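The block underneath contains the structure these notes are about, expressed in structure tokens.
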Amino acid sequence: MSHSPNPNDQNDQNPDSSSRRSRSLSLPEFFLKEQALKHVILKMHHHHHNSRNQSSSNNNSNNNHNNHSNHNRHLSLSPTPSPPSSPDPTTDLTDLVVDPPAPNPTSLLSDHLLNLIFSKLPVSQYSSNSLVCRRWLYLHGRLVQSLKLFDWSFLDSGRVFHRFPNLSDVDIVHACIRVPRNAAIIVTRKYFSVHLDSSLSRDRVVGEEDLLPSRVIDSGLKSLAESYPNLRRLVVIGASEDGLSSVAKECQLLQELEVIACGDLSLKGISGFMNLQIVKLIGFIDGFFGSVVSDIGLTILAQGCRRLVRLELCGCEGSYDGIKAIGQCCQMLEELTLSDHKMDGGWLAAVSFCGNLKILKLQSCKDSIDSRPGPDEHLGLCPTLEALHLQRCQMRDKQAVRALFLVCRGVREIVLQDCYGLENEVFGLATVCRRVRQLSLEGCSLLTVEGLESVILSWKDLQRLRVVSCNKIMDSAVTPALSTLFSVLKELKWSPDSRSLLSSSLAETDLRKKGGRFFKSYKG
């Protein structure tokens, strides 16, 4: 009986068979090759199925042709399609594998749940998250509620309404100014910044001629009001009465409004805001705009917006009558700020009509706080006033400063920052404020320890004291009475002389000695 040789026996007899024997496949490699084989078979099956369908359609066409040509049996039949070519056996099966797309775990989450997750992230990550995919970009647009617009065409074309449908805070100021956006020069004037061209040769940095026409701005405001009826805050510039009236009609829930380059007539549109609580009016800005807000505009504002809680007047004119109208009509007013004001003399006496006022802020009063405050018996008193803040104010006029402290003599907090002309005699006028509990002095370079001591020792309720960068107040001049007062205060920040602090800090680091050795070696 013949016996066929066993290949395994031959391999066992061959001494080099173990070196040429292929190693056994690992589980991942076996799975990969099996998947690759299945993929190739599937593609061959799909190709063979298409070939059969094509062949069947060709045969049907040939049969129809033969039925019409039975009288001629010598017609040649259509050629039979060639069988599909088999894949090259030398091709690596892994090269034919197409990696499936990675699964997206967020696709299982609803838009509401995904937006809830995004809302917990820092606002700084919103922009980067919107670049992940189209869905995240779509959700990012619905998550954004505050927008500062720089391109007017984005609003005029309506794209902003589709991109950000849930806005509640919109600022269109920079989009209304026709200046180059790629300019390298940026001018900032207190609360206003703008890009400039280097070829500027006018007296004004930005004027009314650089703004969009009022009709264009009014049209944009009307579109904003119709698309965002739930608007809460709006910042506009150069708007007229019609534009503000359209916003007041549609946005009944608007609470905060900032109007730049506004005049008395444009304030007629503000009277329609029944629920407005915070208003900031910017009329005159030196080097930018020259709009006028007088007693007429202040009276219109007071009669229309009776629920005001906070009012800030920047570069506005007016007098006793305008402030009195605000105090009588806006009985809920708690905070009043006058910045760079151009009020006529005697306006300070009208502050006493603000029966619910708690905070009075004066900023950048260059000439005088009040040029003609009037007699003391006409000044009145703000009984509810708690805080008086003065920043960058001229305090050389002793009569005006005395009138201010008399009107505010019931305050519990006084903040004086970078006020020039505040000498010992002027600061001594603050002794009429007997209920002060907190005092903050910063940048008052003319005040000495003697002037400070004469005032704060008379305040029996003082609990907190902050003295920073007042260079004439020396540590060596502190008296024992003042030291005793410091020991009973609840809070004390004492760094008056910035030069002595710098010297002491340099002495601790031994930097001055090192610098001296350096310069000596350099000279040698």
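The values are calculated or read from the model by the stated rules, or taken from the named source; none is laboratory data. Because the structure is a prediction, the values reported are computed rather than measured. Methodologically, a virtual Cβ is constructed for each residue, glycine included, from the backbone with ideal geometry; neighbour enumeration extends over all protein chains shown. Remember, those area values only see protein heavy atoms, side chains included, never the ligands or the DNA or RNA. Shrake-Rupley method; radii C 1.70, N 1.55, O 1.52, S 1.80 Å.
How many of the residues in the stretch 382-441 are of a type in the set (Asp, Glu) and closer than 19 Å to Val468 by Cα?
3
In the stretch 404-418, how many are open to solvent by less than 10 Å² (accessible area, probe 1.4 Å) and either closer than 23 Å to Pro496 by Cβ or aromatic (Phe, Trp, Tyr) (or both)?
Within the stretch 404-418, residues that are open to solvent by less than 10 Å² (accessible area, probe 1.4 Å) and either closer than 23 Å to Pro496 by Cβ or aromatic (Phe, Trp, Tyr) (or both) number 4.
Condition first: open to solvent by 60 Å² or more (accessible area, probe 1.4 Å) and in contact with a Phe, Trp or Tyr (Cβ under 6 Å, 6 or more places away or on another chain). Now tell me which residues in the stretch 301-323 satisfy that.
Tyr320
Given the conditions (1) of a type in the set (Phe, Trp, Tyr); (2) open to solvent by 50 Å² or more (accessible area, probe 1.4 Å); (3) modelled with pLDDT of 90 or more, report the number of the one that Phe519 does not fulfil.
(3)
State all residues of the stretch 139-162 that are basic (Lys, Arg) and either over 14 Å from Leu224 (Cβ atoms) or assigned to a loop (DSSP other than H, G, I, E, B) (or both); if no residue qualifies, say none.
Of everything in the stretch 139-162, just one residue is basic (Lys, Arg) and either over 14 Å from Leu224 (Cβ atoms) or assigned to a loop (DSSP other than H, G, I, E, B) (or both), namely Arg142.
Looking at Leu276, Leu267, which one is out of contact with any Cys (no Cβ under 8 Å at 6 or more places or on another chain), buried (at least 18 other Cβ atoms within 10 Å of the Cβ) and outside any strand (DSSP E or B)?
Selected residue: Leu267, the only one of Leu276, Leu267 that is out of contact with any Cys (no Cβ under 8 Å at 6 or more places or on another chain), buried (at least 18 other Cβ atoms within 10 Å of the Cβ) and outside any strand (DSSP E or B).
Restricting the search to the stretch 392-403, which residues are open to solvent by 50 Å² or more (accessible area, probe 1.4 Å) and among the polar types (S, T, N, Q)?
Residue satisfying the conditions is Gln399 alone.
Would you confirm, using the coordinates I've provided, whether Gln331 is closer than 23 Å to Glu413 by Cα and either buried (at least 20 other Cβ atoms within 10 Å of the Cβ) or out of contact with any strand residue (DSSP E or B) (no Cβ under 7 Å at 6 or more places or on another chain) (or both)?
In short, yes.
Please verify whether the stretch 285-295 includes one or more residues that are within 15 Å of Leu336 (Cα to Cα) and buried (at least 20 other Cβ atoms within 10 Å of the Cβ).
No, because not a single residue in the stretch 285-295 is within 15 Å of Leu336 (Cα to Cα) and buried (at least 20 other Cβ atoms within 10 Å of the Cβ).
Tell me, which strands (runs of 3 or more DSSP E) lie completely within the stretch 380-452 with 3 or more residues that are among the polar types (S, T, N, Q)?
Passing ranges: none, list empty.
Determine if the stretch 462-478 includes at least one residue that is more than 18 Å from Gln417 (Cα to Cα), surrounded by 15 or more Cβ atoms within 10 Å (Cβ to Cβ) and among the aliphatic types (A, V, I, L, M).
So far as the stretch 462-478 goes, yes, one or more of its residues are more than 18 Å from Gln417 (Cα to Cα), surrounded by 15 or more Cβ atoms within 10 Å (Cβ to Cβ) and among the aliphatic types (A, V, I, L, M).
For the stretch 448-461, how many residues are touching a Phe, Trp or Tyr at 6+ places or on another chain (Cβ under 9 Å) and either of a type in the set (Val, Ile, Thr) or surrounded by 19 or more Cβ atoms within 10 Å (Cβ to Cβ) (or both)?
Number satisfying all stated conditions: 3.
Strands (runs of 3 or more DSSP E) wholly in the stretch 297-375 with at least 2 residues that are in contact with a Ser or Thr (Cβ under 8 Å, 6 or more places away or on another chain) and on the phi < 0 side of the Ramachandran plot - which ones?
310-314, 359-363
What is the residue count in the stretch 434-447 for residues that are at pLDDT 95 or above and open to solvent by less than 40 Å² (accessible area, probe 1.4 Å)?
4
Filter the stretch 233-254 for residues that are buried (at least 18 other Cβ atoms within 10 Å of the Cβ) and in a loop (DSSP other than H, G, I, E, B) and give the result.
Gly238, Ala239, Ser240, Cys251, Leu254
Filter the stretch 371-386 down to the residues that are open to solvent by 10 Å² or more (accessible area, probe 1.4 Å) and either within 35 Å of the chain's Cα centre (by Cα) or among the β-branched types (Val, Ile, Thr) (or both) and list them by number.
Across the stretch 371-386, the qualifying residues are Thr384, Glu386.
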